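A short worksheet on the structure shown next.
The values are calculated or read from the model by the stated rules, or taken from the named source; none is laboratory data. Note that this is a predicted model, so its numbers are computed, not measured. With ideal geometry, Cβ positions are generated from the backbone for all residues, glycine too; neighbour counts draw on all protein chains shown. For the accessible areas, the whole protein counts, side chains as well, though only heavy atoms, and no ligand, DNA or RNA atoms are used. Shrake-Rupley method; radii C 1.70, N 1.55, O 1.52, S 1.80 Å.
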Amino acid sequence: MNTLFAMVLLQDNTSTGVPPAAAAGLGVIGVVYFAVLLLAIISMWKIFTKAGKPGWAAIVPIYNLIVLIEICCKPIWWFILMLIPIVNIVIIIILCIELAKRFGKGIGYAIGILLLGFIFLPMLAFGDAKYQPC
């Protein structure tokens with residue numbers, strides 16, 4: 001009985017099972033993810049305020065899509081279309097094109113928003129683009 005007790009005491013229970021390099025890698029990925037997420041929120045906040053909408057709407061999950069649809073001059077019921085699989089992809093593409101148009105940009109910029117939003121949305125938000133109302 002004493003040897004079993006001694007073995008339990010001497011056992012190394014400090015390891016989590018994750019190698020230190022993997023844990024460090026996950027930490028770096030987490031920091032980068034948080035930075036990109038923060039950049040997206042700040043960019044959308046600025047885009048919303050440029051369009052005359054409340055900036056805080058960028059952080060409210062469903063309301064931000066409704067405000068984006070309003071900024072793109074589309075009917076609010078398009079939100080229902082966003083809930084339908086496959087159709088929502090088409091709607092997102094149309095909204096990216098319309099968002100670029102509303103800020104005086106072309107189709108190339110809309111494709112940039114669609115594929116590289118973390119680059120093109122901050123350019124739209126902090127650049128000199130002006131919102132052109134409906």
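Kindly list the number of the only condition in (1) free of Cβ contacts under 8 Å to residues at least 40 places away in the same chain; (2) assigned to a helix (DSSP H, G or I); (3) in contact with a Lys or Arg (Cβ under 8 Å, 6 or more places away or on another chain); (4) not β-branched (Val, Ile, Thr) that fails for residue 125.
Every condition holds for residue 125 apart from (1).
Would you confirm, using the coordinates I've provided, whether residue 76 is open to solvent by 50 Å² or more (accessible area, probe 1.4 Å) and at positive phi?
no
Is there any pair with a first residue in the stretch 48-67 that is in contact (Cβ under 8 Å) with a residue 24 or more places away in the chain and a second that is hydrophobic (A, V, I, L, M, F, W, C) and surrounded by 12 or more Cβ atoms within 10 Å (Cβ to Cβ) whose Cβ atoms are under 7 Å apart and which are 6 or more apart or on different chains, and what are they?
Once the first residue is in contact (Cβ under 8 Å) with a residue 24 or more places away in the chain and sits in the stretch 48-67, its partners that are hydrophobic (A, V, I, L, M, F, W, C) and surrounded by 12 or more Cβ atoms within 10 Å (Cβ to Cβ) give 51/71.
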